[in-house]
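Below is one structure, written out as structure tokens; comments come after it.
The values are calculated or read from the model by the stated rules, or taken from the named source; none is laboratory data. Predicted model only: the values in this text are computed from it and were never measured. Note that we place each Cβ from the backbone using ideal geometry, even for glycine, and neighbour counts take in every protein chain shown. Accessible surface is based on the protein model in full, side chains and every heavy atom, while ligands, DNA and RNA are left aside. Shrake-Rupley method; radii C 1.70, N 1.55, O 1.52, S 1.80 Å.
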Amino acid sequence: MDYEYENKPAYTTVNATLDNGESVTLEGGALIAHSENIDMETHSSAGGMLGSIKKSMLADEETFRNTFTATANDQYVKFAQNQPGDMTAIDLNAETYYVQSGSYVANGEGVETDTASGGMSSWLGGKGLFFLEASGSGTLFVGSYGGIIQTELDRGEKITVDTGHSVAWHADVDFSTHRVGGLKSTLLGGEGFVMTFEGPGTVYLQTRDYSSFIADIASNIDTD
């Protein structure tokens with residue numbers, strides 16, 4: 001599979017080119033268009049129906065995914081995420097990445113996804129107790145609300161990130177979620193919980209917080 005980005009960076013789409021027999025799997029609703037010689041198969045996102053329901057409820061992912069397979073050479077599949085922002089491809093080489101809730105978009109062949117626990121600290125951080133775990137050798141596509149920042153951490157190097165700005169990180173990166181300051185800071189400072197990542201490894205961040213955006217809209221809706 002070859003791919004190229006289009007419409008970067010604000011409303012990024014991906015055009016994946018497939019030869020006969022090659023496939024790409026998309027999150028439900030991510031498809032924009034595909035060429036004529038493409039077969040589509042809808043399937044549960046993991047481990048049968050029960051596994052898919054678990055992933056949907058715990059990791060904020062769609063219950064079903066669609067796999068598009070080329071039946072001739074030089075076919076294409078265009079796709080995008082459901083938020084206004086950027087996308088990037090992460091090439092896995094017998095390794096694992098964790099993907100924040102809602103940031104998974106698609107994957108090529110050779111990548112398997114499952115639900116992984118983030119521990120009780122992630123629940124307290126407001127981003128849920130579970131993440132998506134992507135493993136194997138192949139291409140993983142993730143999306144952001146706003147732009148994507150790729151950060152390389154050296155061994156022992158740390159970075160602290162607002163919980164709403166994390167997208168994905170390598171499994172070698174240690175992470176924890178904790179409260180900023182005391183109760184006053186949590187309630188009044190607008191920065192209640194953060195995630196601290198410690199290298200070595202790669203961390204992907206997003207420049208905007210979708211949850212805060214939705215909360216801001218909700219607070220300004222006139223219910224009268």
Over region 61-107, the set of residues within 15 Å of GLY138 (Cβ to Cβ) and among the acidic types (Asp, Glu) is ASP91, GLU95
Residues (modelled with pLDDT of 95 or more and out of contact with any Asp or Glu (no Cβ under 9 Å at 6 or more places or on another chain)) located in region 42-79: TYR76, VAL77
Tally of residues being surrounded by fewer than 23 Cβ atoms within 10 Å (Cβ to Cβ), in contact with a strand residue (DSSP E or B) (Cβ under 7 Å, 6 or more places away or on another chain) and not in a strand (DSSP E or B) across region 81-96: 1
Give the residues of region 63-77 that are open to solvent by less than 40 Å² (accessible area, probe 1.4 Å), not in a loop (DSSP other than H, G, I, E, B) and not small (Gly, Ala, Ser), sorted by residue number. ARG65, ASN66, THR67, PHE68, GLN75, VAL77
Residues located in region 1-28, provided they are of a type in the set (Gly, Ala, Ser) and either exposed (fewer than 13 other Cβ atoms within 10 Å of the Cβ) or modelled with pLDDT of 95 or more (or both): ALA10, ALA16, GLY21, SER23
Among the residues of region 101-156, write down those that are of a type in the set (Phe, Trp, Tyr) and modelled with pLDDT under 95. TRP123, PHE130, PHE131, TYR145
Among the residues of region 185-201, is there at least one that is open to solvent by 50 Å² or more (accessible area, probe 1.4 Å), of a type in the set (D, E, K, R) and modelled with pLDDT of 90 or more? yes
